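Heads up: the structure comes next, in C-alpha cells.
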C-alpha cells in the first residue's frame, strides 16, 4: 500500500492528543514484531496485516505469515476481507445522504420498504444501531448450507426481514446483519446509484483508497481465508456464495486503507465534526440505558481511555479496528483465520506498546480517583470540606449549589462506579481529570481541575449529564 495515502497536511497541533514522538522506536517495532509472531505461532492463524497510526502518521504498515496457498508470503498491499468493519462506512454514507437532504436517520423504513416487518416503527437509526428487532440472518460463526449458493439483498429481506420481530423496536440491542441489508437497499434507492459506487464517490475517492467487494477477492490473486476445527489442522475455508455479506460486511481493503479512514475520524475531516460525533454517540434504548453501540461502531472505555472500535468476521477472516480518538492513535489488525482471536489479542498488545503514556503531575492516580469518590459522596451527603477546595471552588459551591448537588444526586441511589475517562492533562496550571460516574442505570460525567501534587486542592468539581 502506498504510504502517500496518509500524507497529512494538517498541523499536528490540530490533532487531539498528537504524540510528540510519532515514529515508532526500534524497541517498539521489535516488540510488535515479537507479539505478532507469537500470536500466529500459538494460534495457527496463517497471516496478519497490521497498520498503526500515531501522531497523525502511518507509523507501521506490515504483514506477516502466509496470505494463501498461491501467495506464500503475505504483503501489506493485499486487501483482506474486513467484513463487519464495513458497517461504519454505510453509517457514514447515510449521514452524508442526510446532509444532502435526501433522508433523515429518524425516518421510518416504511417510507421505502413497507413490506419489512415493523417498518412503520423502525427508523434508519435503529437499523444502524441494531435496535430494530429484525432477526439476524447470519448469527453463526460458520457458513450454513444455503450460503453455498449466491443470494440477493431482496432475498435476504424476504426470508429474514419479513419475519415477526424479535422484540419491539428500540427496546433492546441485538446484532442484526439483516438491518444493514435493509439500510443498504434504502441507501441505493435514495442515492440513486449502486452502493459501491456511492462509497467510491463520497468516501473512498476523497480518502485516496480503493477497497474492493469481498466477493471479488475470493480468488488466487488475493489472501485466502482459513478455518480450524477445534485443535485440528488449519484448512483453507470455502468462501460463502456471492451476496451474503452485501451491505453488512461487503468490503475488502488493506490495513493501511482502513487506517486512512481512521485518520479522517481522528482529524474530524471528510465528514462534518458533528457527523463523527453522532456516529460515536451510543444509542439509548427506550428505558434510557445504553450498550455502547453507536452508528456502525462501539464507543467504550479501555483502561480509562475512550476507544471507538468494531470487529469483523467473514468465512476465513477476522479483523479488528480500534481508534483512540483523543490520543490520535489507531490500530488495525487483519487476519486470514476465523479462529484464535488473534485480532483482539494483538490489538491489546500493540496498544500497550504504542499508546502515549499518561502525563500527570501526580504520582498515584488511584489515590486521586479515591479522593474524587470521597469528595463526591460528601457532596451528595450535603457536606463540603473547605480545606479540600481552592477559594475559587469554594465561591462556586454556594449553599444553593450544594443543595442542588445533594438533592439531585441523592435520589439516583448509590454511586456504583467512578472511572477515569482519559489520562490527566495540565491546563491553566491545574491538572484536569475527567471521570465517568455510574448511579444504577444512570451515567454522569465529572469534570475536575486540581492543584498539582498528590494532595492538591480541587479548583473545579462539576457533575453534568453524560
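Readers should treat all values here as calculations from the given coordinates under stated rules, not as data from a laboratory. Since the model is a prediction, treat every value here as computed from it, not as a measurement. In this analysis, Cβ positions are derived from the backbone assuming ideal geometry, glycine residues included, and neighbour counts consider all displayed protein chains.
Values as computed for the structure displayed
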{"quantity": "Relative contact order of the chain, defined on C-alpha pairs under 8 angstrom at six or more residues apart (%)", "calculated": "18"}
{"quantity": "CD proxy at 222 nm, helix term only [per DSSP H run n ≥ 4: -39500 (n - 2.57); per residue of the chain; nearest 500]", "calculated": "-8000 deg cm²/dmol"}
{"quantity": "FRET efficiency estimate (nearest 0.05) - Cβ-Cβ, residue 451 to residue 212, R0 35 angstrom", "calculated": "0.05"}
{"quantity": "Computed lengthening from residue 374 to residue 104, 0.36 nm per intervening residue step minus Cα-Cα distance", "calculated": "92.7 nm"}
{"quantity": "Simple label model, 7 Å out from Cα along Cβ direction - residue 419 to residue 365, nm", "calculated": "1.3"}
{"quantity": "Cα convex hull volume per residue for the stretch 120-163 (Å³)", "calculated": "93"}
{"quantity": "Label point at residue 230 placed 7 Å out along Cα→Cβ; residues across the stretch 328-345 whose backbone nitrogen lies under 19 Å", "calculated": "338-341"}
{"quantity": "Between the stretch 380-413 and the stretch 62-138, the alpha-carbon center distance in angstrom", "calculated": "46"}
{"quantity": "Point-to-point label distance, residue 23-residue 344, nm (Cα→Cβ direction, 7 Å offset)", "calculated": "3.6"}
{"quantity": "R0 of 41 Å, Cβ-Cβ distance residue 34-residue 387: FRET efficiency to nearest 0.05", "calculated": "0.25"}
{"quantity": "Longest to shortest principal axis, alpha-carbon extents of the stretch 365-465, angstrom", "calculated": "35, 29, 20"}
{"quantity": "Ranked 162, 464, 196, 279, criterion: other C-beta atoms within 10 Å, fewest first", "calculated": "464, 162, 196, 279"}
{"quantity": "P(r) weight above 33 Å for the chain, C-alpha pairs, percent", "calculated": "43"}
